[in-house]
Amino acid sequence: MSIILQDVTYTYMPGTPFERTAIENVSIEIPSGKITAIAGHTGSGKSTLIQHLSGLLKPSNGKVLVDDVDINIKNNNESKMARRQVGMVFQYPEQQLFEETVEADIAFGPRNLGLTEEEISVRVKEAMEFVNLDYDTYAKRSPFQLSGGQMRRVAIAGIIAMHPKYLVLDEPVAGLDPRSKEELLKRIRKLHEKQGITIVFISHNMEDIANMADKVIIMNQGKILLEGSPKEVFDMSQADDILLAGLLPPKTAIILDELNRGGLKVDTSAYTVEKGVELIYQALKEAGKC
């Protein structure tokens, strides 16, 4: 099962002087049980695309299928249930917090699902534990008294508490300090590994994508420019296309490619610092230089 977009086009303000097509004839599959990263320059259409995954936007043309169900059929219970399988966390989600306490904010979604208060309490505690917010310490506090990283974790906990099958994150680490960023990415990966939730996330950071993603989608001017595994997309033969999208390949890939061009026979298939160091050491050893 998966999320499938079939020839999806979306036009803002059609029939007006401000008409603009944000995505055009996009056909992709978001595989279940995997981490998919979407990247592209500002205005490439990536945020418009992910808003179609949960039905927040309805295609001007085309279909969006969640587990083989068209989510845009009106007055259809099956479509409604399919939309609920997709949890959406917007960029700067802390700006969407509105309840008086952390507990109330996280409980808002599950309560709208019609769960009992006992079930809601269990989900709130589980979600807070997962994002590493102690219930006794934070439950009764105002979310607006927390740090930026903590507020973002509260927002993510509110989505996790609804038990989505698919979790969609728009620039989840934007604006966070390095420590908070690293911690949040670890939590997202742990959620994927522990609960099997399918993750879709937008990022400008190629290193984060290389470290996290099973599948990478690069967008440019409302269309899919590149699609595949990190190894396929970040192959340096694709560098010109990545640059065309206003992005850069992972720094490790660039360094390895330059070393290879300079005469050091090093494997260029690494995209993380740790693997890059390992391959450089191996190449130097084989060259008798260490």
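Of all the criteria given as (1) assigned to a loop (DSSP other than H, G, I, E, B); (2) at negative phi; (3) touching a Lys or Arg at 6+ places or on another chain (Cβ under 9 Å), the one not satisfied by GLU207 is (1). With respect to the conditions (1) without any contact (Cβ under 8 Å) to a residue 24 or more places away in the chain; (2) crowded, with 17+ Cβ neighbours inside 10 Å, GLU182 falls short on a single one, namely (2).
Taking SER237, is it modelled with pLDDT of 90 or more, out of contact with any strand residue (DSSP E or B) (no Cβ under 6 Å at 6 or more places or on another chain) and in the same structural domain as GLU182 (by TED's automatic domain parsing)? It is false that SER237 is modelled with pLDDT of 90 or more, out of contact with any strand residue (DSSP E or B) (no Cβ under 6 Å at 6 or more places or on another chain) and in the same structural domain as GLU182 (by TED's automatic domain parsing). Note on the stretch 234-286: residues that are buried (at least 17 other Cβ atoms within 10 Å of the Cβ) and in contact with a Lys or Arg (Cβ under 7 Å, 6 or more places away or on another chain) total 1. If you go through the stretch 102-119 and pick out every residue that is more than 24 Å from ARG189 (Cα to Cα), touching a residue at least 24 places away in the same chain (Cβ under 8 Å) and surrounded by 15 or more Cβ atoms within 10 Å (Cβ to Cβ), you end up with 1. Pairing residues of the stretch 237-266 that are in a helix (DSSP H, G or I) with residues that are small (Gly, Ala, Ser), at Cβ distances under 7 Å and at least 6 apart in sequence or on separate chains, gives THR252/ALA270; THR252/GLY276; ILE255/GLY276; LEU256/ALA270; LEU256/GLY276. Checked against (1) modelled with pLDDT of 95 or more; (2) in a strand (DSSP E or B), ILE120 passes all but a single condition, namely (2). Of the strands (runs of 3 or more DSSP E) lying entirely inside the stretch 1-96, those carrying at least 1 residues that are loosely packed, with under 14 Cβ neighbours inside 10 Å and of a type outside the set (A, V, I, L, M) are 2-12, 20-31, 61-66. Checked against (1) of a type in the set (Lys, Arg); (2) crowded, with 16+ Cβ neighbours inside 10 Å; (3) under 22 Å from ILE35 (Cα atoms), ARG141 meets all criteria but (3). Of all positions in the stretch 202-212, none carries a residue that is at pLDDT below 90 and of a type in the set (Val, Ile, Thr).
The values are calculated or read from the model by the stated rules, or taken from the named source; none is laboratory data. On a predicted model such as this, the values are computed, not experimentally measured, just so you know. As a convention, Cβ positions derive from the backbone with ideal geometry for all residues, glycine included, and neighbour counts pool all protein chains shown.
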